[in-house]
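Student: Before we start, here is the structure in question, set down as structure tokens.
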Amino acid sequence: MLFLSKKKIRLNELIPNEYVDIHSHLLPNIDDGVKTVHQSAYIIEQLHQLGIKKIITTPHVMKDVWPNTTAIINSKCQEMAKVLTSLDISVKLEASAEYMLDDLFYERIKEKDIIPLPKKYLLVEMSTFSPPLNLNEMLFEIKLAGFTPILAHPERYSFYQDDMNKYKTLKDQGVFFQLNLLSLSGYYGEKVKSTAIKLLNNDYFDFAGSDIHNHQQLEILEKGFLPKNASKIKLLMKNNSIFS
């Protein structure tokens, strides 16, 4: 009987030179991510040792919870970049945001108060329990404003998980998909993990991101991934080179 190896390929073996992490929460005390400068610097240094040279961190922008403004995000990013320089941590740190598709986002997109990823991509998310009633209108407004939407962690939305046709509809509407690397570890549960694998095997993902919030998540990521998923993960990471 042939037994397949369960030995994981570690994250540092998969990260290409051009990989840019486009989803994380590493600006201190701005959302549900790191709380202190020390926590941020530690995680960023560890990511650098894994081979990541550029991080575009993406604090939440969410009505009534984390209504972060462009000015606040940019200021926090500049402060953190100075800290990294003083500590001789040679990671290029930039900021965008992870925008909840809510009323606040609708206002911001109308006012053009947006921090996009390079090449005018925009990282967006939805509630994990239900999509916005005006989702199609939101997607239209994003494109009208000249941006291309990237949906963060589509594998985590419970209302899509049992119907691949719903994912296909979003793809047909020009929405790009970003895989949370943590999803493949089972961190968010087996349902999310199985959905992530299904989307990965169907080539629905376009980019990969860590969505890292704390050092515990970092430790999980460092353990790596099963060989059967490794080649596709590495390809997604290479796709992130467009943000360099």
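Student: Of the numbered conditions (1) in a loop (DSSP other than H, G, I, E, B); (2) among the hydroxyl-bearing types (Ser, Thr, Tyr); (3) closer than 30 Å to ASN12 by Cα, TYR99 fails exactly one; give the number of that condition.
Tutor: With (1) in a loop (DSSP other than H, G, I, E, B); (2) among the hydroxyl-bearing types (Ser, Thr, Tyr); (3) closer than 30 Å to ASN12 by Cα applied to TYR99, the lone miss is (1).
Student: Separate question: Could you please find all residues in region 77-87 being open to solvent by 30 Å² or more (accessible area, probe 1.4 Å) and either in contact with a strand residue (DSSP E or B) (Cβ under 9 Å, 6 or more places away or on another chain) or in a helix (DSSP H, G or I) (or both)?
Tutor: Within region 77-87, GLN78, GLU79, ALA81, LYS82, VAL83, THR85, SER86 qualify.
Student: Quick check on region 159-208: of everything there that is of a type in the set (Lys, Arg) and open to solvent by less than 60 Å² (accessible area, probe 1.4 Å), which residue is farthest from TYR121 (Cα to Cα)?
Tutor: Applying the filter and picking the extreme gives LYS193.
Student: If the requirement is being part of a loop (DSSP other than H, G, I, E, B) and either in contact with a Ser or Thr (Cβ under 8 Å, 6 or more places away or on another chain) or open to solvent by 10 Å² or more (accessible area, probe 1.4 Å) (or both), which of these qualifies: ASN12, ASN17, ASN74?
Tutor: ASN17
Student: Still on this structure: Tell me whether region 145-158 contains one or more residues that are touching a residue at least 24 places away in the same chain (Cβ under 8 Å), within 15 Å of LYS193 (Cα to Cα) and exposed (fewer than 14 other Cβ atoms within 10 Å of the Cβ).
Tutor: yes
Student: Taking the condition of a type outside the set (S, T, N, Q), part of a helix (DSSP H, G or I) and farther than 18 Å from ILE150 by Cβ, does LEU47 pass?
Tutor: Spelling it out, LEU47 is indeed of a type outside the set (S, T, N, Q), part of a helix (DSSP H, G or I) and farther than 18 Å from ILE150 by Cβ.
Student: Does TYR99 count as hydroxyl-bearing (Ser, Thr, Tyr), touching a residue at least 40 places away in the same chain (Cβ under 8 Å) and surrounded by 19 or more Cβ atoms within 10 Å (Cβ to Cβ)?
Tutor: Considered against the rule, which asks whether it is hydroxyl-bearing (Ser, Thr, Tyr), touching a residue at least 40 places away in the same chain (Cβ under 8 Å) and surrounded by 19 or more Cβ atoms within 10 Å (Cβ to Cβ), TYR99 comes out as no.
Student: Out of the residues in region 33-59 that are in contact (Cβ under 8 Å) with a residue 40 or more places away in the chain and over 15 Å from LEU218 (Cα atoms), which is most open to solvent (accessible area, probe 1.4 Å)?
Tutor: Filtering region 33-59 for residues that are in contact (Cβ under 8 Å) with a residue 40 or more places away in the chain and over 15 Å from LEU218 (Cα atoms), the one most open to solvent (accessible area, probe 1.4 Å) comes out as VAL37.
The values are calculated or read from the model by the stated rules, or taken from the named source; none is laboratory data. Owing to the predicted nature of the structure, the values given are computational and were not obtained by experimental measurement. Using ideal geometry, Cβ is built from the backbone for each residue, glycine included, and neighbour counts are taken over all protein chains shown. These accessible areas exclude ligands, DNA and RNA; they are computed on the full protein's heavy atoms, side chains included. Shrake-Rupley method; radii C 1.70, N 1.55, O 1.52, S 1.80 Å.
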